[in-house]
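Structure first, commentary second.
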Amino acid sequence: MPATARARCTFSVQSWDEQTFSDADGQLMLTHTSTMKTFQGDLEGEGALQYLMFYGPHDQTRVIGLERVQGKLAGKTGSFVLEHSGGDDGSEARGTVTVLPGSGTGELTGLRGSGEAVATRTGEYAMTLDYEIG
């Protein structure tokens, strides 16, 4: 049985294209967002992320998304897909990330794991991922 490892990384947002597709009287919006990210740290590479977002009352937001990450995880090259689920409480965005089973390619075939991503209003973006390969 492979040992679980923890990857720590930061990320930056390279692009953010958000479009509203439904709202209630200009509020309680549903949006679709396409974004590109760059990862640094134990995970190095790029992510292509699609979010569905709900903007609720009192600056509360809920998000779900899928992201293909391509690059190196602890020196192993390949790609994998993360499922995102989380929200924003008006001061920071926080959510869980889960590697979708069977989504790993290259040296990341067999990757499984989960973790957390956090984005603060001061522009700090970080993610941890507890994972196994094999």
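Read-outs: derived from the displayed coordinates by stated rules, not from any lab. Keep in mind it's a predicted model, so treat the numbers as computed, not measured. Virtual Cβ from ideal backbone geometry, glycine too; neighbours counted across all protein chains shown.
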request  = Show the residues, 5+ positions off or on another chain, whose built amide H is closer than 5 Å to the amide H of LEU66.
outcome  = GLN50, HIS84
key: Stretchable slack from THR98 to ARG62, in nm (0.36 nm times residue separation minus alpha-carbon distance)   = 11.3 nm
query = Residue by residue, what Karplus-based ³J(HN,Hα) values in Hz, rounded to whole numbers, does the range 21-34 have, using 6.51, -1.76 and 1.60 with θ = phi - 60° and x for Gly and Pro?
reply = 10, 6, 8, 10, 6, x, 10, 6, 7, 10, 10, 10, 10, 10
request  = Subtract the Cα-Cα distance of ARG8 and GLN50 from 0.36 nm times their separation in residues, and report this length gain in nm to one decimal.
outcome  = 12.9 nm
note = When the charge dipole of the range 44-134 is computed with +1 at the Cβ of Lys and Arg and -1 at the Cβ of Asp and Glu, the Cα pointing farthest to the positive end, of THR128, ALA93, GLY104, is that of GLY104
request  = List the residues whose amide H sits under 5 Å from the amide H of SER103, counting only those 5 or more places along or on another chain, with H placed 1.01 Å from N in the peptide plane.
outcome  = VAL81
